[in-house]
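Chemist: Take this structure, written in structure tokens, and hold onto it; I'll ask about it next.
All of the numbers you see were taken from the coordinates with simple rules; none came from a lab. None of the values given here were measured: they were computed from a predicted structure. Heads up, the Cβs are rebuilt from the backbone with ideal geometry, glycines too, and the neighbour counts pull from every protein chain shown.
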Amino acid sequence: MSRARRAALVVAVTAFLFTAGAAPALAQGTLRVVMHSDLKILDPIWSGGYITRNHGYMIYDTLFAMDAAGEIKPQMVERYEVSADRLTYTMTLRDGLLWHDGKPVTAEDCVASIKRWAVKDSMGQKMMGFVKDIVVVNPKTLRIVLKEPTGLVLRALGKPSVNVPFMMPRRVAETDPNTQFTDTTGSGPFVFKRDEWKPGDRAVYVKFPQYRPRSEPPSGLAGGKVARVDRVEWRAIPDHQTSINALLAGEIDYVESPPHDLYPVLLRDGDVKLVRLNPHGAQYAFRYNTLHKPFDDPRIRQAVMWAFNQEDFLKAVIGDKNYYKVCLSLFPCGTPLESRKGFEGGLLVESNFGKARQLLKEAGYDGTPIVLLHSTDLAVLANLAPVAKSLMEKGGFKVEMQSTDWQTLVTRLARKDPPSAGGWHGFLTSWAAADILDPVMTGFLNASCEKAMRGWPCDAEIERLRDQFARATDPAAQRAIAEAVQVRLTQYPTHIPLGQWYGAVAIRKSIVGLIEAPVTVLWNVEIKR
């Protein structure tokens, strides 16, 4: 066989493997996974938790998706058209899309899903400010009509992380956005086995044999989503050493977030390997609740910024400099909007406790204890709150640290009660870089008061700048606006960026096909036992 014929055969086989007909034959076995957290919340629109987002990617699909190059590509959409005046987007769904109950996916389902998602999501809210109407043209076609042009439509509908605009049946999507739904019917490559779900033990997914993946090979979150295993089990193992021992013993195939201090143990085992899947990593952040004293005063929030320094947090959690970076930018280092604007004068480089105490004195801080929420069960978060407590106390604050598991903490964040009555003042978390690439996408920059993310900042200037960014199409103009947002953050803090970090998943060497993406996805993964 000639080289040309062999090359043609390879191309033909590759294309065939990503067609709907080939997928069922490829599926095999059970993939056993330990995720970074236990699954307790099933609604990925109600919750911004990454474990719920990952659950969403297992069972739902999206209209558009971001590929490995950061480009937005059609996913459930077969084709779309944008009018010459850029005010009308017409989208037609692919043939053969089915819900897990066997009913066809319709444009009516998608319109309802977009509307529910947009109530909760920062980018969705901003997009809807430009939307005049979203209408059903026919069972497979929907149309978004704008009041004025914006570049947000495809970027928002293809955003890679929380809150992801997952498509759901109309009956589910019509659930009040502030109420968790119970119906987990999706149209994605896996079906959630609600009858086998045992919080604290396991969550189970099985291949959806009627799912029709796109014909393109997978790229990031785009392309063909081929389920190559029959069953996926997320095992809840809260003790990190126990999960690593299970991996080394071959009882588990995949650990999503092994602690960095155990990497050397994993590297010594010949049957296990570490794989980096998210090239831009993640960013740590401290989030204020601006509703209650004393954080209703921007000067007191500024005092926290001066008390903090990024290195202390990064050392305490990651430790190995190969896996972290001091990044004095609101937007991730290594991405187009990276800038140090506003972070001059040593801010976040070294703690300035004198400056922090001075601001507290000027603001009249009365010693109100700061209720600081502490996540205990996630290795990449557990040491953050103790560092924050220590630095804040050195800066003149009184701090009451309250410790819970992450899922309990996430549930508590929805409460607007005073901190003394079960509410909260602050917590620390981590954002994937793909969540914070620009001022509109970054959820913690939403300063639209009651519509903002938990913490509820309210600042007309930040919102004005975010509106400007949504209208801008020139990269230079976008960069100038992003820098203005960063400067405004130092004046009206909504949160504090605390450095960039990188992780790796740990897998048995029998596991192949992992996809490099900012989100953990398990389609295309195979078991070669």
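Chemist: Place the peptides 93-106, 31-44 in order of packing, highest mean first, counting for every residue the other Cβ atoms within 10 Å and averaging per peptide.
Modeler: So the order, starting with the most tightly packed, is 31-44, 93-106.
Chemist: Which of Lys325/Lys398; Lys198/Lys321; Lys126/Lys416; Lys198/Lys416; Lys398/Lys451 have a Cα-Cα distance over 27 Å?
Modeler: Lys325/Lys398; Lys198/Lys321; Lys198/Lys416; Lys398/Lys451
Chemist: Roughly how many whole Å is it from the C-alpha centroid of segment 441-476 to that of segment 302-317?
Modeler: 24
Chemist: Can I ask one more? Separation of segment 367-399 and segment 256-279 by C-alpha centroid, Å?
Modeler: Between the Cα centre of segment 367-399 and that of segment 256-279, the gap is 28 Å.
Chemist: To the nearest 0.05, how large is the calculated FRET efficiency for Ser403 and Leu277 if R₀ is 30 Å and r is the Cβ-Cβ distance?
Modeler: 0.50
Chemist: Can you give the FRET efficiency to the nearest 0.05 for Asp261 and Cys449, using r as the Cβ-Cβ distance and R₀ = 45 Å?
Modeler: 0.60
Chemist: Among bridges DSSP assigns within segment 282-501, what percent are antiparallel (round to 5)?
Modeler: Taking every DSSP beta bridge with both residues in segment 282-501, the antiparallel ones total about 65 percent.
Chemist: On to the next question. Compute from the Cα atoms of the chain the Rg and the Dmax, the latter being the longest Cα-Cα distance, and quote both in angstrom.
Modeler: Every Cα atom of the chain included, Rg and Dmax give 23.2, 83 Å.
Chemist: Using a 4.7 Å Cβ cut-off, which Cys residues in the chain lack a partner cysteine?
Modeler: Cys110
Chemist: Quick one, what does Rg over Rh come out to for segment 282-501 if you take C-alpha atoms and the Kirkwood Rh?
Modeler: 0.94
Chemist: Which one of Leu142, Phe166, Phe444 is farthest out on the positive end of the charge dipole of the chain, using unit charges on Cβ (Lys, Arg +1; Asp, Glu -1) and the Cα centre as origin?
Modeler: Positive-most Cα among the choices belongs to Leu142.
Chemist: Let me know the volume per residue of the alpha-carbon convex hull for segment 390-485, in Å³.
Modeler: It is 142 Å³ per residue.
Chemist: Where does the chain land at 222 nm, in deg cm²/dmol rounded to the nearest 500, when only DSSP H runs of n ≥ 4 count, each adding -39500 (n - 2.57), divided by all residues?
Modeler: -8000 deg cm²/dmol
Chemist: Helix by helix through the chain, keep the DSSP H runs that span 20 Å or more along the axis on Cα and average at least 0.5 on Kyte-Doolittle, and give those back in order.
Modeler: Helices meeting the criterion: 3-17.
Chemist: Where the centre of each part is set by its Cα atoms, how far does segment 203-239 sit from segment 121-176, in angstrom?
Modeler: Measuring centre to centre over Cα atoms gives 25 Å.
Chemist: How high is the FRET efficiency from Arg464 to Thr30, r the C-beta distance, R0 51 Å, rounded to 0.05?
Modeler: E between Arg464 and Thr30, to the nearest 0.05, is 0.45.
Chemist: Fewest to most neighbouring Cβ within 10 Å: what's the order for Thr494, Thr150, Thr408?
Modeler: Thr408, Thr150, Thr494
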